[in-house]
1. May I ask you to say which residue of Val106, Val5 is modelled with pLDDT of 95 or more and touching a Lys or Arg at 6+ places or on another chain (Cβ under 6 Å)?
2. Take Asp170 and decide whether it is out of contact with any Pro (no Cβ under 9 Å at 6 or more places or on another chain), buried (at least 17 other Cβ atoms within 10 Å of the Cβ) and under 25 Å from Asp196 (Cβ atoms).
3. Picking from Lys96, Lys77, which residue would you name as being among the charged types (D, E, K, R) and not assigned by TED's automatic domain parsing to the domain that holds Thr181?
4. If I ask for residues that are in contact with a helix residue (DSSP H, G or I) (Cβ under 7 Å, 6 or more places away or on another chain) and under 15 Å from Pro86 (Cβ atoms), which ones from the stretch 107-116 would you list?
5. Do the conditions hold for Asp34, that is, is it farther than 22 Å from Leu121 by Cβ, touching a helix residue (DSSP H, G or I) at 6+ places or on another chain (Cβ under 8 Å) and without any contact (Cβ under 8 Å) to a residue 40 or more places away in the chain?
6. Quick one: which helices (runs of 4 or more DSSP H) sit completely within the stretch 1-75 and have at least 2 residues that are out of contact with any His (no Cβ under 9 Å at 6 or more places or on another chain) and either more than 22 Å from Lys131 (Cα to Cα) or of a type outside the set (D, E, K, R) (or both)?
Amino acid sequence: MIRAVIFDIDGTLIDSVDLHALAWHEAFEHFGHDVSFEEARSQIGKGGDNLLPVFLSETDRQDHGDALEAWRGEHFKANYLSMVRPFAAVPALFEKLRNTGVKLAVGSSAKKGELDVYLDLAGVKNMVDVKVSSEDVDHSKPAPDVFEVTLKKLQADANDAIVIGDSPYDAQAAEKSGIRTIGFLSGGFTERALRDAGCIAIYPGPASLFACLEDSPLARNK
């Protein structure tokens, strides 16, 4: 019996992955580092604590890592946040799941301020029982911290929960927490990458899971 569903948000509920990748690419460029859009995009789903070491040496991180991440955050809010759009059928999916009696949570590598904006944008701000941001944990995905804290707040066991996310980092973090993962292709990662990371089922996005809910791994609650 599934008692809790934990959603990622960027690329899962809202169409923001390319915009985040562009902001990271421009932030690296601003600080003199050659990181392409494609390279930055491949790491979206991680928080800055796990993304920066992919591209910066320890010396560079100590020198200007915090400044780069802060610049990226302000740059994203000023230039790209207004372009973010929700995926179709997100409120309908949340309502349908709530009607099965499960608790709904969001566990994200986003900052708390961004997370609140995104939930409002997606139309599910008042449907979420628990929300956990990167500011609530020591380490972002693919570390398990986000989902472990979410489970604790939900007062749920890993076997009673399912994570829904769009990146391999969601599945890797969930697996370390003992939680199964449903993958969405809406974040731009391939089906192979999601399956290799441990996803037990894959759908194009929220609308397709909504349409196929009775045949999904969540159907046991019907």
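The values are calculated or read from the model by the stated rules, or taken from the named source; none is laboratory data. Note that the coordinates shown come from a computational prediction; the quantities given were computed from them, not determined experimentally. We place every Cβ from the backbone using ideal geometry, glycine too, and count neighbours over all the protein chains shown.
1. Working: Val5 fails: touching a Lys or Arg at 6+ places or on another chain (Cβ under 6 Å).
That would be Val106, the only listed residue that is modelled with pLDDT of 95 or more and touching a Lys or Arg at 6+ places or on another chain (Cβ under 6 Å).
2. Details: out of contact with any Pro (no Cβ under 9 Å at 6 or more places or on another chain): no; buried (at least 17 other Cβ atoms within 10 Å of the Cβ): yes; under 25 Å from Asp196 (Cβ atoms): yes.
No: the conditions fail for Asp170.
3. Working: Lys96 fails: not assigned by TED's automatic domain parsing to the domain that holds Thr181.
Just one listed residue meets the conditions, Lys77.
4. Taking the stretch 107-116 first, the residues in contact with a helix residue (DSSP H, G or I) (Cβ under 7 Å, 6 or more places away or on another chain) are 107-112.
Within the stretch 107-116, Ser108, Ala110 meet the criteria.
5. Numbers: farther than 22 Å from Leu121 by Cβ: yes; touching a helix residue (DSSP H, G or I) at 6+ places or on another chain (Cβ under 8 Å): yes; without any contact (Cβ under 8 Å) to a residue 40 or more places away in the chain: yes.
Criteria met by Asp34.
6. Details: elements: 17-30, 37-41, 48-55.
Counting at least 2 such residues, we get 17-30, 48-55.
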